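Here is the structure we will look at, set down as structure tokens.
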Amino acid sequence: MVEVFNSIVNIAVHIEKDVFKKCSDFLDTKQSDEQMHRKVFSHCKMIMEREFDRTQSVKSMVMQETKETREINAGGKYIITCNAIDNMELLDVDFSLGSIFGIYENALEIQSLKAAIYVTYGPTFQMVYASKDESGAKFFAYEHGAFRQQESFTLKDKGKINSTGGDVRTWPLEHKALVEGLFNEGYRLRFSDSLSLDTHQILFKKGGLYSNPATKADPTGRLELYFDAYPIAFIVEYAGGEATDGKVRILDKPAQSLEEKTPLYFGSAYEMQKVKEQLA
């Protein structure tokens, strides 16, 4: 696992340097957004493939954008799921974005998830890591040329952030009541539509609620289990929080395919109790 962790550190450093420090290299006004996004993804994919190809313990990798399994080392035991940039649409507004990784042992199924990592780039170049081999959600900040571990994240029982996504016009009534109820209690809206950044806000502030519901427009939810919900839920639980689809614990929810999506609610105890009461 140390070898995989170090590979992801190398990936993060190169993406931060190549894509975020030199963002203007990718922002060609003569290109369409689709062409620009393809160029960024291709560069991130190259970095990830190069680093994992050097990692003997990695058996294979799967990227969210392609859903194609890249076989790397038949003798390896880890399968890596990668969300290269978790909302490419925000790249041209000089916004912090992130990468999300799930690390599975021997089989790509939820009970084999052994560790998860997300990285935030741009103004906040940081990383959060959780593993079944260790306790807590480990927080690393990039300082003086290296990632240095800080105090681990632990959620309090109650927070102040209300981070909610989805098309407001198509919210279910129970979700609307949940969100409005928290605002009426004085919660603050913090939502970027970058899952890694929205997760980071809640963990960094030690509490609150993230919600991305099923709607009429997205009846099965917007976030993908393998590439979004599983790794983030894993990290949140190691930080002392809960993560569900509104009713079922995310890490008890088997996926039938790499494309399967889910609603996602996560946060600290008080807010998740509100979710249970409203969405039961």
Where Leu225 falls short, out of the listed (1) surrounded by 21 or more Cβ atoms within 10 Å (Cβ to Cβ); (2) closer than 15 Å to Met272 by Cβ: (2)
All positions within segment 240-280 that are assigned to a helix (DSSP H, G or I), buried (at least 24 other Cβ atoms within 10 Å of the Cβ) and free of Cβ contacts under 8 Å to residues at least 60 places away in the same chain: Ile250
Selection count where residues are of a type outside the set (Val, Ile, Thr), in contact with a Ser or Thr (Cβ under 7 Å, 6 or more places away or on another chain) and either crowded, with 17+ Cβ neighbours inside 10 Å or under 19 Å from Leu195 (Cα atoms) (or both), scope segment 65-76: 2
Test: Glu237 is under 30 Å from Phe125 (Cβ atoms), over 14 Å from the mean Cα position of the chain (by Cα) and in a helix (DSSP H, G or I): no
Residue within segment 174-191 that is surrounded by 19 or more Cβ atoms within 10 Å (Cβ to Cβ), on the phi < 0 side of the Ramachandran plot and in a strand (DSSP E or B) present: no
Residue within segment 198-215 that is surrounded by fewer than 18 Cβ atoms within 10 Å (Cβ to Cβ), in contact with a helix residue (DSSP H, G or I) (Cβ under 9 Å, 6 or more places away or on another chain) and not in a strand (DSSP E or B) present: no
Qualifying positions in segment 98-136 - of a type in the set (A, V, I, L, M), touching a residue at least 60 places away in the same chain (Cβ under 8 Å) and either over 18 Å from Ala12 (Cα atoms) or in a loop (DSSP other than H, G, I, E, B) (or both): Leu108, Ile110, Leu113
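Quick one: count up the residues across segment 125-146 that are over 18 Å from the mean Cα position of the chain (by Cα) and among the aliphatic types (A, V, I, L, M).
From segment 125-146, those over 18 Å from the mean Cα position of the chain (by Cα) are 133-135, 142-146; that's our starting set.
Remaining after also requiring among the aliphatic types (A, V, I, L, M): 146.
Looking only at that region, the number is 1.
Name the single residue, out of those in segment 77-90 being over 17 Å from Ile232 (Cβ atoms) and surrounded by fewer than 21 Cβ atoms within 10 Å (Cβ to Cβ), that is modelled with the highest pLDDT. Working first, answer last.
Here is the first cut: in segment 77-90, the ones over 17 Å from Ile232 (Cβ atoms) are 77-79, 88-90.
Cutting the leftovers down to surrounded by fewer than 21 Cβ atoms within 10 Å (Cβ to Cβ) gives us 77, 88-90.
Details: Lys77: 97, Met88: 65, Glu89: 64, Leu90: 62.
By that ranking, first place goes to Lys77.
The rows are residues; the columns are (1) farther than 19 Å from Glu3 by Cα; (2) not aliphatic (A, V, I, L, M).
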{"residue": "Val40", "(1), (2)": "yes, no"}
{"residue": "Ile72", "(1), (2)": "no, no"}
{"residue": "Tyr78", "(1), (2)": "no, yes"}
{"residue": "Asn106", "(1), (2)": "no, yes"}
{"residue": "Ser112", "(1), (2)": "no, yes"}
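The values are calculated or read from the model by the stated rules, or taken from the named source; none is laboratory data. If you're wondering where the values come from, they're calculated on a predicted model, not measured in any experiment. Reconstructed Cβ throughout: ideal geometry from the backbone, glycine too, with neighbour counts over all protein chains shown.
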